[in-house]
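Enquirer: What follows is a structure written as structure tokens; I'll ask about it next.
The values are calculated or read from the model by the stated rules, or taken from the named source; none is laboratory data. For clarity, every value in this text was computed on a predicted model and none was experimentally measured. Using ideal geometry, Cβ is built from the backbone for each residue, glycine included, and neighbour counts are taken over all protein chains shown.
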4 protein chains.
Amino acid sequence: MIFSSDNWAGAHPIIAESLVKASTGFASAYGTSDLDRKVEKKLSEVFEHDVAVFFVGTGTAANSLALASANKPGGHIFCHREAHVNVDECGAPEFFSHGARMAPVDSENGRMDPAKLEAEIKRFPPGFVHGGQPMAITMTQATEAGTVYGVDEIDAISSIARHYHLPLHMDGARFANALVTLGVTPAEMTWKRGVELLSFGGTKNGCWCAEALILFNPARAAEMHYLRKRSAQLFSKSRFIAAQFDAYLENDLWLDLAKHSNGMAERLAKGIEASTSARLAWPSGSNELFVILKKTVAETLQKDGAVFYDWPVPHQLASSVTADEGLYRLVTSFATTDADVDAFLKRL
Amino acid sequence: MIFSSDNWAGAHPIIAESLVKASTGFASAYGTSDLDRKVEKKLSEVFEHDVAVFFVGTGTAANSLALASANKPGGHIFCHREAHVNVDECGAPEFFSHGARMAPVDSENGRMDPAKLEAEIKRFPPGFVHGGQPMAITMTQATEAGTVYGVDEIDAISSIARHYHLPLHMDGARFANALVTLGVTPAEMTWKRGVELLSFGGTKNGCWCAEALILFNPARAAEMHYLRKRSAQLFSKSRFIAAQFDAYLENDLWLDLAKHSNGMAERLAKGIEASTSARLAWPSGSNELFVILKKTVAETLQKDGAVFYDWPVPHQLASSVTADEGLYRLVTSFATTDADVDAFLKRL
Amino acid sequence: MIFSSDNWAGAHPIIAESLVKASTGFASAYGTSDLDRKVEKKLSEVFEHDVAVFFVGTGTAANSLALASANKPGGHIFCHREAHVNVDECGAPEFFSHGARMAPVDSENGRMDPAKLEAEIKRFPPGFVHGGQPMAITMTQATEAGTVYGVDEIDAISSIARHYHLPLHMDGARFANALVTLGVTPAEMTWKRGVELLSFGGTKNGCWCAEALILFNPARAAEMHYLRKRSAQLFSKSRFIAAQFDAYLENDLWLDLAKHSNGMAERLAKGIEASTSARLAWPSGSNELFVILKKTVAETLQKDGAVFYDWPVPHQLASSVTADEGLYRLVTSFATTDADVDAFLKRL
Amino acid sequence: MIFSSDNWAGAHPIIAESLVKASTGFASAYGTSDLDRKVEKKLSEVFEHDVAVFFVGTGTAANSLALASANKPGGHIFCHREAHVNVDECGAPEFFSHGARMAPVDSENGRMDPAKLEAEIKRFPPGFVHGGQPMAITMTQATEAGTVYGVDEIDAISSIARHYHLPLHMDGARFANALVTLGVTPAEMTWKRGVELLSFGGTKNGCWCAEALILFNPARAAEMHYLRKRSAQLFSKSRFIAAQFDAYLENDLWLDLAKHSNGMAERLAKGIEASTSARLAWPSGSNELFVILKKTVAETLQKDGAVFYDWPVPHQLASSVTADEGLYRLVTSFATTDADVDAFLKRL
């Protein structure tokens, strides 16, 4: 009954096996091996677009490098207030961008409200140096609230990005989870919508350590090679990431794993909705559920071995959560089983 | 006949196997799992000292974080001119330390000459703000020239560090190779000599991706947690590094692998010394050889499938290398075989 | 009728004269001249404390260096949302501190509410690396809203700073204006309250370019010399700043100038309160007034030659400002005359 | 007999007077006043080119901002080893450029040797990320050795800059001194030669504090406004710099002052050459002389009140300076008089 985070899971056997297979023999280092090239090519096929691929070690690295590539002095990066870049990266985007500032947009349920986003951007009119200048927009798909932007919602954000000449970055730590929910192609969720830079995450979805920064405009790749190396993210034995992605993308394993973890979340959601002691705080579109429970119920569950985190109650929910209730986050993963879910629901 | 670099090898089977074993089950993330703790404890035992351990993704990250922790405005970092931090990290130490400057010491054969080191430090007298201030000393063991500092030579460097109140960092990308050459304990090569920060490398010696920054003064660890996280080097599934180190340290595998690669280098060295068409540029103490060959010989070898790199001829060798000769680097690894070496020597 | 800003004024004649007097003769450079030393000593007397003084060129430099000296990776700097460091310095604090983040506290009328400040600090519990860590508190005196913290209010802030081991910085761009309003000594408004670092501004109060960063703990001065030099704020002919401060502090000129500009603001405030077409948005304690006017009235005044800025209406005022009204800022200075004020009031 | 530095002098009376004249009245702040505009226009006339002008507080700021505008990750800035940016700015160029590295070129007498410069650039071939990438070339005119690049020598440097697509910056801390020596126009010494960015110094030549960063390509100005503001170099009462430059440029005062200080250096040089106890280390082309004296003679002169600095003996001079001799730097300024020079020569 581990619902604490999808990164508490290890690696999927097929991915582990691919890594073992790649462990023998010699291969040129620093991202130049045949396997690196093969996976890069595969990603161009997956995205139906000529892409530049940069393997890195963490999602934070992918996000920070993407934002750093858009760097401007006195720059503001627009994001949802609860975005991982804003609350969970210990200032990495600021560090990588030499002090750009996160400009949080307050919107409900993890998705930036386009009107609020635009209002925030307008606070920094061109040429008024005192306040700094807009620099980039970043959105998370699936969001940190477990919700998913619809394609029209991505369009709304990207039309603002275009209007203000701001690059649009997508933090895809749970890209696959969103993709299978929307039922669209990778292209339809990214460059066809105007996304320019993508943090393509494999780690939360069954890899050990496989993250790729994907540039839909390969012309921007020349500088990125130096940005990545300078930030200590160019791996000598880069094929250990390539091998994971190789298996991840083969035979749509990545989509199957995402379907599985989303399915586990759905099963959990149904059980919760059917129960009298719990309810969903808002509908989920991925493998993360936010659940309102009586605090005593939560404690009992945790004592019984269920692992999940307390979560701060957002303003908009304040009036609908009573004093003896709490908000909790439950995350499923490729490794979650029906038995895990059912054991939890039974105790509930 | 791959002698290009030890990072062209993959992972040793025991390490790959350990990783597979660790791939199942749930474990808490971000370096807090039982396996992380176990390996940290093991490293304290290996070093006979209470150490703080920070797993990171690359040697460049370990080096840069070590130096960043000593940060001073206008700071100078003293290193050998050929040090990896000075010539192969694309400005990562500068980036992590917000613009500290590398102060290269010109010395022969990869080892800093203590007198030259001290002369360089003296260029920045206390309180003279225009030139900046000394900040740290970093030495590589084994060096980039394949040589090894003796324990008395480490003492000489560290007594300068102490005298000028500078932290002493050791880049141990090839730590094990030096250790088995000297035949001393890890403690005797580090904190007993005055080394305060160590980049403990596993990648070049049989791991996929296993680097640890080791602090011999755990009191300095508090800030390092933030430095590491901020530079995107805290891995969610940190156990994938821990699992590699677990196998690496178990039953002295790491020492056996180093002995093997050093042995391969020795075998190669002996064959070269016995040949008429090649000679060693200087004696090696690790798994790297620098060899003077007729350019035509080198080209023939390369055509025959031997892979190794040309190397710039250092000043002190200029007069002893003729116009039709070149300098070449040969690196062995845990994966080098007698057959590889003998095939090379036979062609030579 | 120039009420746009106190930095639209030039320099007071006594200060200009002092500079001319200092223009002849030779003096050692980079802050080491007798005049530099004399003024530093004078400041220790003014503050009744042994202080370290760093002349710099702008208030932004003083603020940014103060904050940079408290630097921590992933650091958060707590300030009022409308603080100059947060809205008017184009990311300078972030740049100088290598990416620390401003953590704005929403409080009314320019003064941080201690409870809200503490709640904000508590969002970053020790050791939780993901969110970063508290690093410093900065308060502005007089505030950007023209108000002034009482000594007890400074105490409330500084007791929080002490509790969380955070250095307390005061942005004193309008230090003198606040001081004469409170009627306390410089010591009573700073180190006796727990302020550790002070940006002591002379520019807005009759100097051309005279700002000093004052450290009440001179032990912190050693690093600051390097921080200042590295940020290009060490002036070769430093005596041109010293000469301004020399005249500024002599015979309490600085206090007289502040009393004058505050008096002009009071005269303006009284006239506004007596009028039917204007009212104060909130009471002022310095030389800045925030005034609610009918937009048509404001436009007429501006057409008639009055110069002052529109100001965004803060949330808490939203309900008390009608659609045909606007908020405007009026700033007086040492150069404002009774005639200026009366001309404005007459037109009003 | 003050020959320590041209920044030990104060301000020329005409410049001081201009500043007093500008001290009255109101003027819009932050570089937008009529006087700012007037001086900017004047500079376009002086340079016979449409230029973007950025007033800053120090030469270090102008240099660092110029280099920061050319910023590249892992970037190398090529300069003479003795360049002010390399030895006297405490890491400011590194700080402003987020960790770019100075790549010193060893050449005699302050002027970079084009062949050595190119050899240094070639060390960083395109696309080889490990070593970083070339980013900018900076040259000082007049040089730190008191010499002056001829126009053909500037051409030689700038043709290398063009070939490698590197922006060429000129540190003109003693621009006027070089200009009057060459007897060319400002245009002929800068953009007509291929210089793109110029630090135009007034401080050493009779101003208090007047430095301007001049961009010959105004298209690069948009970002510079933010870079300058972010580094705390945008002065609120910017007219105090403008007023100095206004007088400086009027009626060729700047050229007259440079002719005077160069003339004083010449008078000094002639006397030294005529003496038996001193000789020039190399010929000067500006207001700086490097002189070889018996140490006992130097000490006697210093005891008698002459102020000048010891200087490290460069390698190329080592064999021609005896053990009882030393190298000394003598600098003249607008404030040096015939009497000063003659008093010194008499004692010599």
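Enquirer: Cβ contacts < 7 Å: first residue more than 19 Å from A:Gly74 (Cβ to Cβ) and more than 10 Å from chain C (Cβ to nearest Cβ), restricted to the stretch A:90-109; second residue surrounded by fewer than 24 Cβ atoms within 10 Å (Cβ to Cβ) and at pLDDT below 95, any location; separation 6+ or different chain. Result?
Expert: A:Glu108/A:Gln316
Enquirer: Right, next: Taking B:Ala281 as meeting all but one of (1) within 14 Å of chain A (Cβ to nearest Cβ); (2) in contact with a Pro (Cβ under 9 Å, 6 or more places away or on another chain); (3) among the aliphatic types (A, V, I, L, M), write down the number of the exception.
Expert: (1)
Enquirer: Looking at B:Phe124, B:Phe175, B:Phe128, B:Phe200 in this structure, which one is of a type in the set (Phe, Trp, Tyr) and touching a residue at least 60 places away in the same chain (Cβ under 8 Å)? Even if it seems obvious, please write down each step before you answer.
Expert: On the way: B:Phe124 fails: touching a residue at least 60 places away in the same chain (Cβ under 8 Å); B:Phe175 fails: touching a residue at least 60 places away in the same chain (Cβ under 8 Å); B:Phe128 fails: touching a residue at least 60 places away in the same chain (Cβ under 8 Å).
Among B:Phe124, B:Phe175, B:Phe128, B:Phe200, only B:Phe200 is of a type in the set (Phe, Trp, Tyr) and touching a residue at least 60 places away in the same chain (Cβ under 8 Å).
Enquirer: Condition test on A:Ala212, is it farther than 16 Å from B:Ser236 by Cβ and not polar (S, T, N, Q)? I'd like the intermediate steps shown before the answer.
Expert: Details: farther than 16 Å from B:Ser236 by Cβ: no; not polar (S, T, N, Q): yes.
So A:Ala212 fails the test.
Enquirer: Let me ask you something else. Looking at D:Ala16 and the list (1) part of a loop (DSSP other than H, G, I, E, B); (2) under 21 Å from C:Phe240 (Cβ atoms); (3) not acidic (Asp, Glu), which single condition is not satisfied?
Expert: (1)
Enquirer: Let me ask something additional. Name every residue in the stretch D:41-72 that is surrounded by 24 or more Cβ atoms within 10 Å (Cβ to Cβ) and without any contact (Cβ under 8 Å) to a residue 60 or more places away in the chain, in order of residue number.
Expert: Matches in the stretch D:41-72: D:Thr60 only.
Enquirer: What tally of residues in the stretch C:299-344 results from selecting those that are of a type outside the set (Asp, Glu) and under 22 Å from C:Thr203 (Cβ atoms)? Can you show your working first?
Expert: Filtering the stretch C:299-344 down to residues of a type outside the set (Asp, Glu) leaves C:300-303, C:305-309, C:311-323, C:326-337, C:339, C:341, C:343-344.
Going one step further and asking which of them are under 22 Å from C:Thr203 (Cβ atoms), we end up with C:307-309, C:311, C:329-337.
Looking only at that region, the number is 13.
Enquirer: Do you know which residues across the stretch A:321-342 are within 22 Å of A:Ser286 (Cβ to Cβ), more than 20 Å from the chain's Cα centre (by Cα) and of a type in the set (Gly, Ala, Ser)?
Expert: A:Gly326, A:Ala339
Enquirer: Then there is this: Check the stretch D:129-142 and report whether any residue there is among the hydroxyl-bearing types (Ser, Thr, Tyr) and either within 14 Å of chain A (Cβ to nearest Cβ) or crowded, with 23+ Cβ neighbours inside 10 Å (or both). Can you show your working first?
Expert: We begin by selecting, within the stretch D:129-142, every residue among the hydroxyl-bearing types (Ser, Thr, Tyr); these are D:138, D:140.
Filter again for either within 14 Å of chain A (Cβ to nearest Cβ) or crowded, with 23+ Cβ neighbours inside 10 Å (or both), leaving D:138, D:140.
Yes, the stretch D:129-142 contains a residue that is among the hydroxyl-bearing types (Ser, Thr, Tyr) and either within 14 Å of chain A (Cβ to nearest Cβ) or crowded, with 23+ Cβ neighbours inside 10 Å (or both).
Enquirer: Go through (1) within 14 Å of another protein chain (Cβ to nearest Cβ); (2) farther than 30 Å from A:Gly75 by Cα; (3) surrounded by fewer than 23 Cβ atoms within 10 Å (Cβ to Cβ) for D:Ile121 and report which single condition fails.
Expert: D:Ile121 satisfies all of (1) within 14 Å of another protein chain (Cβ to nearest Cβ); (2) farther than 30 Å from A:Gly75 by Cα; (3) surrounded by fewer than 23 Cβ atoms within 10 Å (Cβ to Cβ) except (1).
Enquirer: Name the one entry in A:Glu82, A:Glu118, A:Glu45 that is farther than 19 Å from A:Leu227 by Cα and in contact with a Pro (Cβ under 9 Å, 6 or more places away or on another chain). It would help to see each step written out before you state the result.
Expert: Numbers: A:Glu118 fails: in contact with a Pro (Cβ under 9 Å, 6 or more places away or on another chain); A:Glu45 fails: in contact with a Pro (Cβ under 9 Å, 6 or more places away or on another chain).
Only one candidate qualifies: A:Glu82.
Enquirer: I need the full set of residues from the stretch A:202-253 which are more than 8 Å from chain B (Cβ to nearest Cβ), more than 22 Å from A:Arg174 (Cα to Cα) and in contact with a Cys (Cβ under 8 Å, 6 or more places away or on another chain), in order please.
Expert: Passing the criteria: none in range.
Enquirer: Still on this model: For B:Val148, state whether it is in a loop (DSSP other than H, G, I, E, B), of a type in the set (A, V, I, L, M, F, W, C) and over 14 Å from B:His84 (Cβ atoms).
Expert: yes
Enquirer: Further, regarding this structure: Quick one: count up the residues across the stretch B:286-298 that are buried (at least 24 other Cβ atoms within 10 Å of the Cβ) and among the small types (Gly, Ala, Ser).
Expert: The number of residues fulfilling the criteria is 1.
Enquirer: Here is a follow-up. Restrict the check to the stretch D:16-28 and report whether at least one residue is aromatic (Phe, Trp, Tyr) and more than 8 Å from chain C (Cβ to nearest Cβ). Step through it out loud before you land on a result.
Expert: At the first step, the residues of the stretch D:16-28 found to be aromatic (Phe, Trp, Tyr) are D:26.
Filter once more, so that each one left must be more than 8 Å from chain C (Cβ to nearest Cβ): none.
No, every residue in the stretch D:16-28 fails to be aromatic (Phe, Trp, Tyr) and more than 8 Å from chain C (Cβ to nearest Cβ).
Enquirer: In addition: Do we find that C:Ser159 is of a type in the set (Gly, Ala, Ser), more than 14 Å from every other protein chain (Cβ to nearest Cβ) and under 29 Å from C:Glu40 (Cα atoms) in this structure? Explain how you work it out, then say what you get.
Expert: Numbers: of a type in the set (Gly, Ala, Ser): yes; more than 14 Å from every other protein chain (Cβ to nearest Cβ): yes; under 29 Å from C:Glu40 (Cα atoms): yes.
Here the answer is yes, as C:Ser159 does meet what is asked.
Enquirer: Go through (1) within 10 Å of another protein chain (Cβ to nearest Cβ); (2) on the phi > 0 side of the Ramachandran plot for B:Glu48 and report which single condition fails.
Expert: (1)
Enquirer: Of all residues in the stretch C:292-348, count the ones that are within 20 Å of D:Ala29 (Cα to Cα), assigned to a helix (DSSP H, G or I) and touching a residue at least 60 places away in the same chain (Cβ under 8 Å).
Expert: Residues in the stretch C:292-348 being within 20 Å of D:Ala29 (Cα to Cα), assigned to a helix (DSSP H, G or I) and touching a residue at least 60 places away in the same chain (Cβ under 8 Å): 1 in total.
Enquirer: Among the residues of the stretch B:234-252, is there at least one that is closer than 19 Å to B:Val307 by Cα and surrounded by 24 or more Cβ atoms within 10 Å (Cβ to Cβ)? Before you say what the answer is, go through the steps one by one.
Expert: From the stretch B:234-252, those closer than 19 Å to B:Val307 by Cα are none; that's our starting set.
No, the stretch B:234-252 contains no residue that is closer than 19 Å to B:Val307 by Cα and surrounded by 24 or more Cβ atoms within 10 Å (Cβ to Cβ).
Enquirer: Just to verify a result, which residue in the stretch D:1-11, among those that are more than 8 Å from chain C (Cβ to nearest Cβ) and touching a Ser or Thr at 6+ places or on another chain (Cβ under 8 Å), is surrounded by the fewest Cβ atoms within 10 Å (Cβ to Cβ)?
Expert: D:Asp6
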